[in-house]
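Chemist: Below is one structure. I have some questions about it.
The values are calculated or read from the model by the stated rules, or taken from the named source; none is laboratory data. Just so you know, these numbers come straight off a predicted model, no measurement behind them. Glycine gets a Cβ as well: all are built from the backbone with ideal geometry, and neighbour counts include every protein chain shown. Side chains are part of the model used for accessible areas, which takes the heavy atoms of the whole protein and leaves out ligands, DNA and RNA. Shrake-Rupley method; radii C 1.70, N 1.55, O 1.52, S 1.80 Å.
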Amino acid sequence: MRLFALFVLLLVLYTELRAQTDTTRNRILDNRLSKEVIKTISKKPGPDAEITIKSEAPFLPYEGKIIRHIIINHIGFERTMYDSARSFRNRITKVANSLHSTTRENIIRNNLFLRENKPLNPYRVADNERYLRDLDFILDSKIIVHRISEDSVDLEIVTRDVFSLGGRVSTSGIDDYRIGLYDANLFGMGQRLQTDIGFMGNRAPFIGFDVLYRKSSLGGSLINATVGYTQLDNARSLGNENEYAYFVRLDRPLVSPYSRLAGGLEVSRNWSRNVYQHPDSLFRKYRYNIEDVWGGYNFSIGNLARNRDRHFIAIRYYRQHYSQQPRQPQEEFNPIYNDQKFVLGEMTFYNQNFYKTRYIYGFGRTEDVPYGKTVSITTGWVKELGMKRMYAGASLVKGFVNRNGSFATLQSGIGTFFTNKKSSDTFFYVNGTMYSKLYEPGKVKIRHLVQAGYARSFNNVTRELLTLNDELTGFAPDSLYGSQRISLRLETTLFTNWKLIGFRFAPFLSLENAILKVVPKTAETHDFFWGTTGGVRIRNENLIFGTIELRAFYFPTAVKGVSEFSFKISTNVRLKYSGRFVNPPSFIQYN
């Protein structure tokens, strides 16, 4: 009996020792795997190392393993996401940490669509990491997988906030400027409160203001809510006068190809106000309402983690109603000042993934570059200027990423309206964007940009003709329209190591060209326009406000109303690379 008991005891000890050995072996394997992943991500050590890696790559070795726990970890301003061993403390980081309200754990959890006790989907984890990074109060995010056993893991969600208190200044002249203050993470609860005050010498009243409140992911629903009031024309404005407005917006983005629902709602009340004291004969007095709602459903999700082919169907209802229209006769048939209503449906077929890289528009933070394809088909019913017409359109987007760090996006589309089987207001476009790989001569980094496009409009009835407002930066005449457009832009950006209290500098130079077949053609008009712009972008990645841009313009082929030389200072410039995705739906294809 004693021998039997001793045998059982030895067997138990052997089993426990074997289990510990297996666990140790698994952890060693996990550590080796982690080192290989880290080696792949960081081609060279240091916080400024450029990366070009598929977003899902670090999570593929853990595919199918059960997520046991999700742990939230926050790092302060004295740490960097790119080098966990690097820590720095100074007066600025101490002041920043004392003034800043750290994002609360429940707010991060409200923005998660990963769940405990579910199998790990590497693509879904990458989607959530990217979604957190896109929140305006988060500087960067990283999800780390800890292997616990042969079939289970823990997820550690590491986030680093941006300093959420910020301001902005913009000016259009010595007596026309605006000041804005905001907190993008009030009390650390993912809520934004901002106000802008405008001071304009030729305005009565002299001061105008606006206020906006936004809450992200209400109750963990991923629905964002925004309410606002403006006297500074900062709502969705249609007319050409300064507009007052109050508005409510709800939006739920398609956060991942594994999400099923997306949609949005906007209701606004807008009215013009003669703050610039124009004569009654010239001032357009009007009042209108907007109701805009859309919703979409994602099909073909299935159970296969690596299947990213999706079918997304959406429907949109839009109504713009004027309770008061301008009295000027020339505006009677202007589509801007007339009621418009449409109901449109769109079917989108897409397969989209992402690479992680740096130094596109950011100054070292992780940026996400989409690649894949998106095909959309749109149709529906439109009513404007008393005409009821059918609309049909289609678009195609294809994204490419090279492992050397270069990437490109090609887009094309066509849209047209039908009345009695005849088409009108037809619009066609094709354009492309290409970023070179990141060159690193010495201690600086250089990236080149090439943008080219072609557009054509036919049989215009109610829609405006083509302009150059977006094709030539800083060149926006209000009386230049055409039926055909070709554009080319070349830009080089130099990311330097210069630093001033955390701000980094990136000089840039751009050459911009366009051919516009002007309508109507006169003896004074010409078709070829070119210019050059240059300046410097300044940004502190720890702060919530966007890039500060100082830009000078030179257009020797300027037209009436546009100066050959000009200079502009912009604050809170939002620069982000993005490829066409399904949220929100494109619907009517006009650029």
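Chemist: How large is Rg over Rh for the range 210-368, taking Rg from the Cα atoms and Rh as the Kirkwood inverse mean of 1/r across Cα pairs?
Modeler: Here the Rg-to-Rh quotient is 1.09.
Chemist: Right, next: What is the list of residues in the range 493-529 whose amide nitrogen lies under 12 Å from a point 7 angstrom out from the Cα of His448, following Cα to Cβ?
Modeler: 493
Chemist: Another one. Applying the Karplus parametrisation 6.51 cos²θ - 1.76 cosθ + 1.60 with θ = phi - 60° to the phi angles of the range 358-364, what ³J(HN,Hα) value in whole Hz is obtained for each residue in order, glycine and proline being reported as x?
Modeler: Per-residue couplings from phi come out as 9, 6, 9, 10, x, 10, x Hz.
Chemist: What nm value, rounded to one decimal, do you get for the distance between Leu238 and Lys568 when each label is placed 7 Å out toward the C-beta?
Modeler: In this crude spin-label approximation the distance works out to 2.6 nm.
Chemist: On to the next question. Could you give the length gained on full extension between Ser101 and Val343, defined as 0.36 nm per residue of separation minus the Cα-Cα distance, in nm?
Modeler: Numbers: separation 242, 0.36 × 242 = 87.12 nm, distance 4.34 nm.
Length gained between Ser101 and Val343: 82.8 nm.
Chemist: Quick one: grab the alpha carbon gyration tensor of the range 462-547, order the square roots of its eigenvalues as a ≥ b ≥ c, and give me rounded if a/c is under 1.5, else prolate or oblate depending on whether a/b is larger than b/c.
Modeler: Here the range 462-547 falls in the prolate category.
Chemist: For the residue pair Phe299 and Asp154, what label-to-label distance in nm results when each label sits 7 Å from Cα along the Cα-to-beta-carbon direction?
Modeler: 4.3 nm
Chemist: Given the C-alpha centroids of the range 347-391 and the range 448-503, what is the distance between them in whole angstrom?
Modeler: About 18 Å separates the Cα centre of the range 347-391 from the one of the range 448-503.
Chemist: Next question. Relative to a virtual label point 7 Å from the Cα of Thr492 in the Cα→beta-carbon direction, which members of the range 446-485 show backbone nitrogen distances below 11 Å?
Modeler: Backbone N within reach: 446-449.
Chemist: Sequence-distant or interchain residues sharing an amide H contact under 5 Å with Arg327, placed H: which?
Modeler: Amide H neighbours of Arg327, under 5 Å, 5+ apart: Lys285.
Chemist: May I ask for the net charge around Phe163, where only other residues with Cβ less than 11 Å from the Cβ of Phe163 are counted and Lys, Arg are +1 while Asp, Glu are -1? Display every interim value, and only then the final one.
Modeler: Numbers: positive: Arg160; negative: Asp161, Asp183, Glu541.
Net local charge, Phe163 excluded: -2.
Chemist: With r defined as the distance between the Cβ atoms of Arg403 and Lys517 and R0 fixed at 25 Å, what FRET efficiency is calculated, to the nearest 0.05? Don't skip to the end; give the middle numbers.
Modeler: On the way: r = 41 Å, r/R0 = 1.63.
Approximately 0.05, to the nearest 0.05.
Chemist: Round to a whole number: what % of the accessible area of the range 210-323 belongs to carbon and sulfur, probe 1.4 Å? Spell out each step's value before the answer.
Modeler: Numbers: 2860 of 5160 Å².
Exposed carbon and sulfur together represent 55 percent of the surface.
Chemist: Which of the listed residues, Leu282, Leu165, Ala262, is farthest toward the dipole's positive end in the range 161-287, when Lys, Arg count +1 and Asp, Glu count -1 at the beta-carbon?
Modeler: Positive-most Cα among the choices belongs to Ala262.
Chemist: If you put +1 on each Lys and Arg Cβ and -1 on each Asp and Glu Cβ, how big is the dipole of the range 412-497 around its Cα centre, in Debye rounded to 20?
Modeler: Details: 10 positive and 7 negative charges, 61 e Å.
For the range 412-497, the charge dipole is close to 300 debye.
Chemist: Fully extended, how many nm does the chain gain between Tyr246 and Phe428 (0.36 nm per residue separation, minus their Cα-Cα distance)?
Modeler: Working: separation 182, 0.36 × 182 = 65.52 nm, distance 3.50 nm.
Contour length minus the Cα-Cα distance gives 62.0 nm.
Chemist: Heavy-atom accessible area of Tyr213 with all protein chains present, probe 1.4 Å, nearest 10 Å²?
Modeler: Number for this one is 80 Å².
Chemist: For a distance above 26 Å, tell me the whole-number percent of Cα pairs in the range 100-223 that qualify.
Modeler: Values: 3050 of 7626 pairs.
Within the range 100-223, distances greater than 26 Å cover 40 percent of Cα pairs.
Chemist: Where in the range 526-565 does the label zone of Lys499 land, with the point 7 angstrom along Cα→C-beta and an amide N cut-off under 15 Å?
Modeler: The answer is 539-543, whose backbone nitrogens lie closer than 15 Å to the label point.
Chemist: Let me ask something additional. Extension gain Ser281-Glu464, at 0.36 nm per residue separation less the Cα-Cα distance, in nm?
Modeler: Working: separation 183, 0.36 × 183 = 65.88 nm, distance 2.44 nm.
Here the segment from Ser281 to Glu464 would lengthen by 63.4 nm.
Chemist: Quick one: what are the phi-derived ³J(HN,Hα) couplings along the range 211-223, Karplus 6.51/-1.76/1.60 with θ = phi - 60°, whole Hz, x for glycine and proline?
Modeler: 9, 9, 10, 9, 10, 8, 6, 4, x, x, 7, 6, 8
Chemist: Just to make sure I understand: if all protein chains stay in place, what is the order of Leu261, Leu114 by accessible area at 1.4 Å, largest first? Intermediate results must be reported in sequence, preceding the final value.
Modeler: Numbers: Leu261 100, Leu114 10 Å².
Result, largest first: Leu261, Leu114.
Chemist: What distance in nm separates the two pseudo spin-label positions at Leu60 and Ala392, each 7 Å out from Cα along the beta-carbon direction?
Modeler: 4.2 nm
Chemist: Next question, about the same structure. Quote the FRET efficiency, to the nearest 0.05, computed for Val211 versus Glu291 with a Förster distance R0 of 30 Å and r equal to the Cβ-Cβ distance. Don't skip to the end; give the middle numbers.
Modeler: Details: r = 22 Å, r/R0 = 0.74.
About 0.85, to the nearest 0.05.
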